[in-house]
Amino acid sequence: MRLARQSELRPGELGPTALTIGNFDGVHRGHQYIIEQLKATARARQLPAVALTFDPHPVKLLHPQKGLQLLLPFAERARLLERAGIDVLVTAEFTFELAQTPAEVWVQEVLLDLLHVQELLIGYDFSFGRGRDGNAAHLTTLGEQYGFAVHQMAAVIEDGWPISSSRIRRLAAAGEMDTAMKLLGRPFHLRGVVAHGDHRGRGLGFPTANVATTWEMAPHIGVYAAVAVVEGQPRAAAVNVGKNPTFELNELRIEAYLLDFAGDLYSKEIELHFVHRLRDEKKFQSVDQLIEAIHRYVDKTPASFAQKPPSQ
């Protein structure tokens, strides 16, 4: 897949294109459906399948008070879009000026003059431009005027509601990993580097990997059955997301105990796929009670791992 900044592309450089536009946070099943339709359209017309996204996310610029936490950093979104079959990913800088640009002006300057769009596929709730006037009806009218086809995709429904990034964020924030996995089409995941912690786990007989991550979205505090991927090798893991109340810590930590593993993980990259939430984090009255609880939840992890391994 080719990565390109909109500002660096020459007009018509990509030739005629089949295009979809969105933020693609999560690259969830709704996004995957649009991409499959885009690929089919592109193949039929012998066009490149192009996705256009924005950086930063519009909500982060226009409504910073909302504290939006993205499911995926840009590099991971790009990786998953490439795996889904996108040929070219174009990134447009989102600015206040762009937010105030009328849809027709942006269509002329970007979709037509720059990208030479022939086929435009949009989501069920897509809109953009000043006053969100770039909705499906307006885009269809512009397509008829300027000679490109507009296809609005139906929502992908799960449990009676459309799949959306905001819905998955709410599920992750509540620790509802099983439902989040249904909407994503794979387990909720994050990636980080193993850093030195307090080494308490080793003293308890459960050496844990303290995962330092720059990803914005972490699951709700609790203990999870998970899959840890290190150097391409998946392993069952029990992961604690929390502040270790038994030891009265205050900072949020992500600590993973890899089952049937012996070795040095420090400074290595680790990917955690959260399969199932086992319980809330709680404060134990003694270290012995904590050890007993760790044994119980570690024993539950292999079954979850065997049933739902990560999609690589």
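For this structure, a couple of remarks:
- Spin-label model, Val105 to Glu216: label points 7 Å out along the Cα-to-beta-carbon direction sit 2.7 nm apart.
- Shape call, the stretch 2-161: gyration tensor on alpha carbons, a/c limit 1.5: rounded
- When the C-alpha to C-alpha distance is required to be over 26 Å, the pairs from Lys182/Lys243; Lys39/Lys182; Lys66/Lys243 that qualify are Lys182/Lys243.
- Label point 7 Å beyond Cα of Ser127 along Cβ direction - residues of the stretch 150-170 with amide nitrogen under 15 Å: none
- For a straight C-alpha distance cut-off of 12 angstrom, the aspartates and glutamates reachable from Lys268 (same-chain residues fewer than eight places away being disregarded) are Glu231.
- Length released on extending from Glu13 to Tyr146, taking residue separation times 0.36 nm less the Cα-Cα span: 46.0 nm
- From least to most packed, judged by other beta carbons within 10 angstrom and beginning with the fewest, Ser127, Ser267, Ser165 follow the order Ser267, Ser127, Ser165.
- Length gained when the stretch Lys243-Glu231 is fully extended (0.36 nm per residue, less Cα-Cα span): 1.6 nm
- Span from the the stretch 59-105 Cα centroid across to the the stretch 157-176 one, whole angstrom: 20 Å
- Among Leu14, Leu9, Leu19, the order by Cβ neighbours within 10 angstrom, fewest to most, reads Leu9, Leu14, Leu19.
- Each of Glu231, Glu144 has some number of other Cβ atoms within 10 Å of its Cβ, and from fewest to most they run Glu231, Glu144.
Read-outs throughout are calculated quantities, based only on the coordinates presented, and are distinct from any laboratory measurement. These figures come from a predicted structure and were not determined experimentally. Here the Cβ is made from the backbone with ideal geometry for all residues, glycine too, and neighbour counts use every protein chain on show.
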